[in-house]
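The next block holds one structure in the form of structure tokens; read it before the comments.
Just so you know, all these numbers are worked out from the coordinates, no wet-lab data involved. These figures come from a predicted structure and were not determined experimentally. Because the Cβ atoms are built from the backbone with ideal geometry, glycine has one as well, and the counts that use them run over all protein chains shown.
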Amino acid sequence: IHKMSSEEGIKVFVRVRPPNERERQVNRTCVEVDTAKNAVILVSRTDGRRQQFVYDKVADPTGSQSEVFETVGKPTSEYVLEGYNSTIFAYGQTGAGKTFTMQGVEDGVTCEDQSIRGLIPRVFEYLFSRIEELKAQDIQVVCKCSYLEIYNEAVTDLLSDSAAPITIRDDPRRGVVIEGAKELPVANAVDTFKALSLGSQNRKVAATCMNKESSRSHSVFTLYVQLKTQKDGVTTRKFARFNLIDLAGSERQKNTNATGDRLKEANNINRSLSALGNVIMALANANGHVPYRDSKL
């Protein structure tokens, strides 16, 4: 979600991943991609009926991590430096490739193959390279970061060993405030990578029948950017938050064979994703009431 123009604040980018090993064995495709029209075509398994859906941008299975960054990460980073709060989140079914797109493999930082690094580490490198350019123009820039996990509707600080509760409230002046969350000062991309790696080690993942490394929680990495300029005796300050979010995947319970804790997790994941969809719909329709409080997410 970012400011593309004064009229439109939300853009939807669709990435279709290549088939996995199990899907290749079945040798059946129900999704086609038309990048020229930015369209995804769903083909019915029963009668072959075709439905086309058009988005702001569509990437086919051959699309690279670098292309995703150029289309999504780079322009959104520029909006942050202009002082706009911005968010990139990956949404989709479990196993669709959300974590790979956002982080890459492992924690997204220590990966030796630079070509498969995800959106988050690429954004950090680009953002701080641009910050160095701004500093050379006598613009003061201060950055901090936080890393939160939402698991079973409880908010946990991934950067802290403390078990202190995290509370969310709406401040008339500052907007949404996360009380109790640790905010680490970061001076460069390396500092931010370290914070990301620390938090990623504490994030909850588990195997389900649909994904052997399924994210069982939503993770929210936030970079707080403050810019200060002085010209002709006038001081100008800009504040922006850049949210990079890896959502847990939606699941059909009959396909996951989930029981016990996995079933509870799945219920909470689906409930929070449904609440997110309701919020986006309310915003799109300019409803008077937006149901933010239905979920911590």
Practice prompt. Please determine, in degrees from 0 to 90 and to the nearest 10, the orientation of helix 119-135 with respect to the longest principal axis defined by the Cα atoms of the chain, where the helix direction is its Cα long axis.
Written response: 20 degrees
Fill in: Distance (nanometres) between label positions extended 7 Å along Cα→Cβ at Lys135 and Asp191
0.8 nm
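If you put +1 on each Lys and Arg Cβ and -1 on each Asp and Glu Cβ, how big is the dipole of the chain around its Cα centre, in Debye rounded to 20?
660 debye
From the P(r) of the stretch 146-203, can you give the percent of Cα pairs sitting at distances over 16 Å?
That fraction is 47 percent.
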Fill in: Pairwise label distance in nanometres, Lys74 with Glu23, each label 7 Å out on the Cα-Cβ vector
2.7 nm
Worksheet item: On full extension of the chain, what length is gained from Asn270 through Glu179, given 0.36 nm per residue of separation minus the C-alpha to C-alpha distance?
Response: 30.2 nm
Fill in: Longest site-free stretch - the chain; sites: trypsin sites (Lys or Arg not before Pro), DSSP loop, at most 13 other Cβ within 10 Å
50-172
Worksheet item: For the stretch 74-91, in order, what is each residue's ³J(HN,Hα) by Karplus, 6.51 cos²θ - 1.76 cosθ + 1.60 with θ = phi - 60°, in whole Hz (x at glycine and Pro)?
Response: 5, x, 5, 4, 5, 5, 4, 5, 8, x, 9, 4, 9, 9, 10, 10, 9, 10
Worksheet entry | Calculated [θ] (222 nm, deg cm²/dmol) that DSSP helices of n ≥ 4 give over the chain, each run adding -39,500 (n - 2.57) | -8000 deg cm²/dmol
Worksheet item: Convex hull over the alpha-carbon atoms of the chain: what's its volume per residue in Å³?
Response: 167 Å³
Worksheet, complete the sentence: Residue-ordered couplings for the stretch 154-162, obtained by feeding phi - 60° into the Karplus form 6.51 cos²θ - 1.76 cosθ + 1.60 and rounding to whole Hz (Gly and Pro as x), are 10, 9, 10, 8, 6, 9, 10, 8, 6
Discussion item. Just to be sure I follow: if Rg is taken over the C-alpha atoms of the stretch 34-88 and Rh is the Kirkwood radius over the same atoms, what is Rg/Rh?
Written reply: 1.16
Fill in: HN-Hα J in Hz across the stretch 240-247 - Karplus 6.51, -1.76, 1.60, θ = phi - 60°, x for Gly and Pro
8, 10, 10, 9, 10, 10, 10, 7
Discussion item. How would the stretch 58-158 be classified by its alpha-carbon gyration tensor: rounded, prolate or oblate, with rounded meaning a/c under 1.5 and the a/b versus b/c comparison settling the rest?
Written reply: oblate
